[in-house]
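One structure is given below, encoded as structure tokens.
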Amino acid sequence: MILISLIVTAILINTVSTTVNVNNALGSARREQALIINNLNTKITHIQDYAVSVAVDPRVIAEAKEHPSPPVEEAKRYKLRLELNKIIGSIMGLNRNVYMWDLVAADNSFFGVSGYDMSEIEALLSDEYFTQVRKNWGVSISGPYQLHNKGERTTPVFLVTKPVVDLDSRTVYGYVMFVIKESNFASIFENNMPQNVESSFYILNEEEIVISSSDKTIITQNIQKIGTFSEAELKVLYGKGSLTKNVGGQEMLYTISQELKDPVQWTVISCQPLDSLLIGQKILNKWILVIGTVACLVALFISYIIARSLSRPIMELASTIHDAAEGNLSQKANRQSAGEIEILYEGFNNLMNAVNRLLRRVYQEQEEKSEYQFHLIQAQIKPHFLYNTLEMIKSLIDLEKGETASQCISAMASFYRLSLNRGNDIISVYDEVKLSQQYMYLQKLRYIEYLDYRFNIPEELTKYQLPKMTLQPILENSIYHGIKEKQEEGIVEIELTEHGDSLRFVIVDNGIGMTKEMLSHLQQTIKSSSDLEESESPKSFGMASVNRRLKLLYGENYSFVIESEYGEFTKVTILIPKNIPEDLQKDQKGEYEGE
């Protein structure tokens, strides 16, 4: 029986540990892929920022507006090239991500500013390409295109294109075009994948065409036609996010990520040998089985020797433990014994004392947790806003717009001063509106091409108080999931009105809006978040956070309503009492008067 027990235990341990090890390997592979995706996102954003910096430069806009087509006379053409090269070169500096670049006139002719031979690129592009780019004022990334080198070799490249738009007339006067080598993106994978491991990767566009891969021969082919995956395997990979497949007698782990959304819709598939991820855990698993088996044998042998001498006092102790299990936690073991039995009795008594101390501690921690969770929910300001604002200030300084950069710094300082609010969780309407205005000012500078805003706040209502950072997450949603998604000029309006003993905030934008299904899902997600659990959707996290905070503060005495129509608008209405509960108002009045 002992032998059978050991065998069954070993089998169970092996099965469980194998499952755990595979899950750990999958987690490790996903973490590596997340790091790669983050680096890829950073590189794309870096290239995108340079394209925008060139396109919005007033000197570039002026030259593009003055020359709808390259000059015919060689002398004028040379002078124009020299001038534009100086302007754009000062913006770009030594940029290792850009292989070639040029400025394209409004008639789709290349100026030849950079000195690179762009004739093959010009021949590849039709008027339809520029028509599609013109529809989207943002940065467009397309490709790959095959450029021919000496001999029969080709180089796959991507085109990054940004229209040069007059911000006053909204007229497109040309295009900034960067040529990026495919190897520039591929190097991110090659530099971050484990060494001495047979790994590979695929980057697919929205049509499942391979646009970058460790195998350059399959670039521009459909992933379903290269023979790597069957249709059923692809379905499993997209559905579960991972796939284990035997390739040439070796188990390979494939993981997929679809986190690249803007300005590209790319899917990344990474492949690593499963054995290389499990080698350390397999060794550990082997030693655990060996040590566990030896320990079991030793324990059984010792138990057999001392069983008869321990049975009676142990039964008495078991009875005492049973009484404790029934709820009598004041039980004490009082039998006078010697040796190991005495240790058991003393251990039980120590355990009961520890249990009672732990119960008191858990009760105290539960009370502290409720208060801490309220403060934790209020502290969700994304670090990306600070990073993006600093990047924008740097760009303004690079563009010699010192006064605007100074205003940005002042606005950012005011925003964070108000958001910190000396550690207080309650803020006046005046300060909350001022904080939101600083935030919208900074965001408008960043998305100046298609973002505007308007505040309608009666002064007599600014004396009331509300939870800090109530409006900012909603404004952020309006920008990133409304105006920005629509890629057209839009406006966010914030209005405050008095409604009996309540204040009514209305935030409305004319962005992309939501379908009925999307709106229903969002409302259900926010409603389910009222139990203080995290929202499943990243897009609804901000609104769910605001709803949870209002729920904690006002109980049922508030309303949070979302209305939307796809392609038209999104409207959020918040109705809260004018008066904050007295236990949350302590010291607030004195601080505002002294500020």
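Of the residues making up the stretch 370-427, those that are at pLDDT below 80, surrounded by 13 or more Cβ atoms within 10 Å (Cβ to Cβ) and part of a loop (DSSP other than H, G, I, E, B) number 5. Condition (residue is at pLDDT 75 or above, of a type outside the set (S, T, N, Q), in contact with a Gly (Cβ under 8 Å, 6 or more places away or on another chain) and part of a strand (DSSP E or B)) applied to the stretch 252-267: is it met by at least one residue? So far as the stretch 252-267 goes, yes, one or more of its residues are at pLDDT 75 or above, of a type outside the set (S, T, N, Q), in contact with a Gly (Cβ under 8 Å, 6 or more places away or on another chain) and part of a strand (DSSP E or B). So which residues in the stretch 547-576 are open to solvent by 30 Å² or more (accessible area, probe 1.4 Å) and assigned to a strand (DSSP E or B)? Listed by number, the residues that qualify are S559, F560, V561, E563, E565, F569, K571, L575. Go through L84, L35 for me and flag whichever is touching a Phe, Trp or Tyr at 6+ places or on another chain (Cβ under 7 Å) and in contact (Cβ under 8 Å) with a residue 12 or more places away in the chain. None of the other options fit; the residue is L84. For the stretch 466-500, a residue qualifies if it is under 25 Å from the mean Cα position of the chain (by Cα) and of a type in the set (S, T, N, Q), and the qualifying residues are T470, Q472, N477, S478, Q487.
If the condition is being free of Cβ contacts under 8 Å to residues at least 60 places away in the same chain and under 17 Å from N579 (Cα atoms), then the stretch 460-481 contributes E460, L461, T462, K463. Take the conditions (1) under 13 Å from I91 (Cβ atoms); (2) open to solvent by 50 Å² or more (accessible area, probe 1.4 Å); P68 misses just one of them, which is (1). The strands (runs of 3 or more DSSP E) found entirely in the stretch 136-236 that carry 2 or more residues being at pLDDT 85 or above and open to solvent by less than 10 Å² (accessible area, probe 1.4 Å) are 154-166, 171-181.
Note on the stretch 410-430: residues that are of a type in the set (D, E, K, R) and in contact with a strand residue (DSSP E or B) (Cβ under 9 Å, 6 or more places away or on another chain) amount to 1. Of all residues in the stretch 43-65, those satisfying the criterion of being in contact with a Leu (Cβ under 9 Å, 6 or more places away or on another chain) and open to solvent by less than 50 Å² (accessible area, probe 1.4 Å) are I44, S53, V54, V56, D57, V60, I61, E63, A64. A544 meets the conditions (1) in contact with a Ser or Thr (Cβ under 8 Å, 6 or more places away or on another chain); (2) open to solvent by 20 Å² or more (accessible area, probe 1.4 Å); (3) without any contact (Cβ under 8 Å) to a residue 60 or more places away in the chain in every case but one. The failed one is (2). Give the number of residues within the stretch 102-151 that are in contact with a Pro (Cβ under 6 Å, 6 or more places away or on another chain) and hydroxyl-bearing (S, T, Y). Number of matching residues: 1.
Contact map, the stretch 114-129: first residue in contact (Cβ under 8 Å) with a residue 12 or more places away in the chain, second residue outside any loop (DSSP other than H, G, I, E, B), Cβ cut-off under 6 Å, separation 6 or more or different chains; pairs are S114/W101; S114/D102; Y116/M100; M118/D102; M118/F110; E120/L147; E122/F110; L124/Y145. Within the stretch 238-248, the residues that satisfy the criterion of being under 14 Å from S200 (Cβ atoms) and open to solvent by less than 70 Å² (accessible area, probe 1.4 Å) are L243, K245, V247.
Collect the residues in the stretch 452-469 that are open to solvent by less than 10 Å² (accessible area, probe 1.4 Å) and either at pLDDT 90 or above or more than 28 Å from E489 (Cα to Cα) (or both), keeping them in residue-number order. L461, L466, P467, listed by residue number.
Suppose the filter is β-branched (V, I, T) and over 17 Å from F111 (Cα atoms); does I36 pass it?
It is true that I36 is β-branched (V, I, T) and over 17 Å from F111 (Cα atoms).
For A34, indicate whether it is open to solvent by less than 80 Å² (accessible area, probe 1.4 Å), in a helix (DSSP H, G or I) and at pLDDT 85 or above. No.
Being β-branched (V, I, T) and within 14 Å of E449 (Cβ to Cβ) is the filter here, so list the residues in the stretch 134-175 that pass it. Selection gives V139, V164, V165, T171, V172.
Look at the stretch 558-581: where a residue is over 19 Å from V492 (Cβ atoms) and a partner is among the β-branched types (V, I, T), sitting 6+ places away or on another chain with Cβ atoms under 7 Å, you get Y558/I576; I580/I426. Condition check for D117 on (1) under 30 Å from A75 (Cβ atoms); (2) charged (D, E, K, R); (3) under 28 Å from the mean Cα position of the chain (by Cα): one failure, at (3).
The values are calculated or read from the model by the stated rules, or taken from the named source; none is laboratory data. Bear in mind the structure is a predicted one, so any value in this text is a computation, not a measurement. Ideal geometry is used to build each Cβ from the backbone, glycine not excepted, and the neighbour counts take in all protein chains shown. Just the protein is used for accessible areas: all its heavy atoms, side chains included, with ligands, DNA and RNA removed. Shrake-Rupley method; radii C 1.70, N 1.55, O 1.52, S 1.80 Å.
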